[in-house]
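Colleague: Handing you a structure now.
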Amino acid sequence: MLELYHHGSSVCAAKARLALAEKGLKWKGRYVDILKGEQFEPEFLAVNPSAVVPVLVDGGRVIVESTVICEYLEERFPNPRLMPDDPGARADLRVWTKSVDEHLHPACGVITMATNHRHSMAEHMEGEALEAFLDAVPDPVRRARKKEAVLSGFGSSRFENAVLVHLQYLDKMEAALRDGGWLAGDAYSLADLAMTPYVNRLDMLRQEHLWTGRRPRVAEWFARIRARPSFAAAVTGPVPADLTESMARNGAAAVPVYKETIGRLAGG
Ligand SMILES: N[C@@H](CCC(=O)N[C@@H](CS)C(=O)NCC(=O)O)C(=O)O
């Protein structure tokens with residue numbers, strides 16, 4: 001039986017859940033509440049010393065890193081295919097998945113923490129407990145980024161660039177998509193799967209103005225993505241109800257902040 005250590009609102013875990021859902025695989029969930037600090041408990045650190053979800057366990061084998069998990073599932077369970085046959089299209093796909101992990105994911109963490117999750121964390125802890133929670137992140141680069149976004153919110157020096165990175169990805173998608181088409185090759189693939197939780201994060205934070213009336217191919221792509229049965233099962237369904245509600249509430253209140261930031265970036 002496949003087991004997945006995951007959290008409902010984790011974008012990386014959503015990628016792993018999407019791959020499992022697209023392939024129609026049964027799996028057992030091991031829930032790690034990363035907003036309460038369960039990723040730092042010894043039992044989980046023994047599975048993944050990096051203290052992040054997702055982690056897939058297949059028999060005795062432990063697989064970390066969401067993109068590696070998706071490619072592992074693709075190779076282990078090849079049908080239905082989530083990678084094109086053409087080597088050029090496979091290269092395009094890997095550019096998407098690599099850059100999502102390296103650039104978009106850190107930026108998504110900043111906007112998510114600044115807009116909503118800092119408030120959810122504050123409900124569970126404050127003061128020294130919050131500092132200790134933030135200092136527990138093992139990777140120093142990720143620790144500094146998360147700490148600043150949680151403690152400074154929209155005042156974080158990283159917020160503006162994080163918004164810019166999202167705009168650049170939406171523009172790259174708009175350029176790559178043809179009507180009715182997909183990001184890499186002729187069919188839905190791991191490239192579309194990798195972008196899905198990030199576009200959905202903007203949507204759950206009520207920033208759909210970024211594509212509505214502005215980036216029609218992204219809007220049309222997202223409508224097709226939402227219509228897939230995997231979407232509700234793997235992406236929106238697992239998000240805890242209180243987080244769905246607070247992301248919508250805090251996100252809606254933040255629309256003027258995003259618009260003002262975009263205006264500043266445009267030199268307006
Ligand atoms: N490169 C890793 C990143 C994993 C990651 O950042 N996971 C986040 C949730 S999306 C996490 O577990 N964060 C825990 C924390 O912030 O302490 C992957 O793709 O799996």
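Colleague: For segment 63-81, what are the residues that are more than 12 Å from the ligand (Cβ to nearest atom) and touching a helix residue (DSSP H, G or I) at 6+ places or on another chain (Cβ under 6 Å)?
Modeller: Passing the criteria: only LEU73.
Colleague: Okay, moving on. Could you go through segment 144-151 and let me know if any residue there is touching a residue at least 40 places away in the same chain (Cβ under 8 Å) and in a helix (DSSP H, G or I).
Modeller: So the first thing to find is which residues in segment 144-151 are touching a residue at least 40 places away in the same chain (Cβ under 8 Å), and the list is 149.
From what's left, in a helix (DSSP H, G or I): 149.
Yes, segment 144-151 contains a residue that is touching a residue at least 40 places away in the same chain (Cβ under 8 Å) and in a helix (DSSP H, G or I).
Colleague: Out of GLY59, GLY37, which single residue is near the ligand (Cβ under 9 Å from one of its atoms), outside the structural domain of ALA136 (by TED's automatic domain parsing), open to solvent by less than 60 Å² (accessible area, probe 1.4 Å) and not polar (S, T, N, Q)?
Modeller: Details: GLY59 fails: near the ligand (Cβ under 9 Å from one of its atoms).
Within the list GLY59, GLY37, the selection yields GLY37.
Colleague: Can you tell me which residues in segment 174-197 are part of a helix (DSSP H, G or I) and surrounded by 22 or more Cβ atoms within 10 Å (Cβ to Cβ)? Steps first, answer last, please.
Modeller: Taking segment 174-197 first, the residues part of a helix (DSSP H, G or I) are 174-176, 190-197.
Residues satisfying the conditions are LEU190, ALA191, ASP192, LEU193, ALA194, MET195, THR196, PRO197.
Colleague: Scan segment 19-29 and give yes if some residue there is within 24 Å of ALA232 (Cα to Cα), of a type in the set (Lys, Arg), in contact with a helix residue (DSSP H, G or I) (Cβ under 7 Å, 6 or more places away or on another chain) and more than 13 Å from the ligand (Cβ to nearest atom), otherwise no. Break it down into steps so the answer makes sense when it comes.
Modeller: Here is the first cut: in segment 19-29, the residues within 24 Å of ALA232 (Cα to Cα) are 19-29.
Cutting the leftovers down to of a type in the set (Lys, Arg) gives us 23, 26, 28.
Within this subset, residues satisfying the condition of being in contact with a helix residue (DSSP H, G or I) (Cβ under 7 Å, 6 or more places away or on another chain) are 23.
Next, only the ones that are more than 13 Å from the ligand (Cβ to nearest atom) stay: 23.
Yes, some residue in segment 19-29 is within 24 Å of ALA232 (Cα to Cα), of a type in the set (Lys, Arg), in contact with a helix residue (DSSP H, G or I) (Cβ under 7 Å, 6 or more places away or on another chain) and more than 13 Å from the ligand (Cβ to nearest atom).
Colleague: Restricting segment 99-118 to residues that are among the small types (Gly, Ala, Ser) and more than 9 Å from the ligand (Cβ to nearest atom), which is surrounded by the fewest Cβ atoms within 10 Å (Cβ to Cβ)?
Modeller: First pass over segment 99-118, keeping only residues among the small types (Gly, Ala, Ser): 99, 107, 109, 114.
Next cut, more than 9 Å from the ligand (Cβ to nearest atom) only: 99, 107, 114.
Working: SER99: 16, ALA107: 21, ALA114: 24.
Of everything passing the filter in segment 99-118, SER99 is surrounded by the fewest Cβ atoms within 10 Å (Cβ to Cβ).
Colleague: I need the full set of residues from segment 73-127 which are of a type in the set (Ser, Thr, Tyr) and touching a Gly at 6+ places or on another chain (Cβ under 9 Å), in order please.
Modeller: Taking segment 73-127 first, the residues of a type in the set (Ser, Thr, Tyr) are 97, 99, 112, 115, 120.
Correct list: THR115 only.
Colleague: Moving to a separate point now. Going through LEU93, LEU73, LEU134 one at a time, which residue ends up being touching a residue at least 60 places away in the same chain (Cβ under 8 Å) and under 21 Å from the mean Cα position of the chain (by Cα)? Quick ask: steps written out before the conclusion?
Modeller: Working: LEU73 fails: touching a residue at least 60 places away in the same chain (Cβ under 8 Å); LEU134 fails: touching a residue at least 60 places away in the same chain (Cβ under 8 Å).
Answer to the check: LEU93.
Colleague: How many residues does segment 186-224 contain that are in contact with a Cys (Cβ under 9 Å, 6 or more places away or on another chain) and of a type in the set (D, E, K, R)? Let's see the steps before the verdict.
Modeller: Within segment 186-224, the first condition is being in contact with a Cys (Cβ under 9 Å, 6 or more places away or on another chain), and the residues that meet it are 190, 193-194, 197-198, 201-202.
Within this subset, residues satisfying the condition of being of a type in the set (D, E, K, R) are 201.
So the count comes out to 1.
Colleague: Among the residues in segment 225-243, are any basic (Lys, Arg), open to solvent by 30 Å² or more (accessible area, probe 1.4 Å) and in a helix (DSSP H, G or I)?
Modeller: Step one: list which residues in segment 225-243 are basic (Lys, Arg), which gives 226, 228.
Filter once more, so that each one left must be open to solvent by 30 Å² or more (accessible area, probe 1.4 Å): 226, 228.
From what's left, in a helix (DSSP H, G or I): 226.
Yes, the conditions are met somewhere in segment 225-243.
The values are calculated or read from the model by the stated rules, or taken from the named source; none is laboratory data. Because the structure is a prediction, the values reported are computed rather than measured. When we count neighbours, we look across all protein chains shown, and the Cβ atoms used for this are built from the backbone with ideal geometry, even at glycine. We work out accessible area using only protein heavy atoms, side chains counted, and drop any ligands, DNA or RNA first. Shrake-Rupley method; radii C 1.70, N 1.55, O 1.52, S 1.80 Å.
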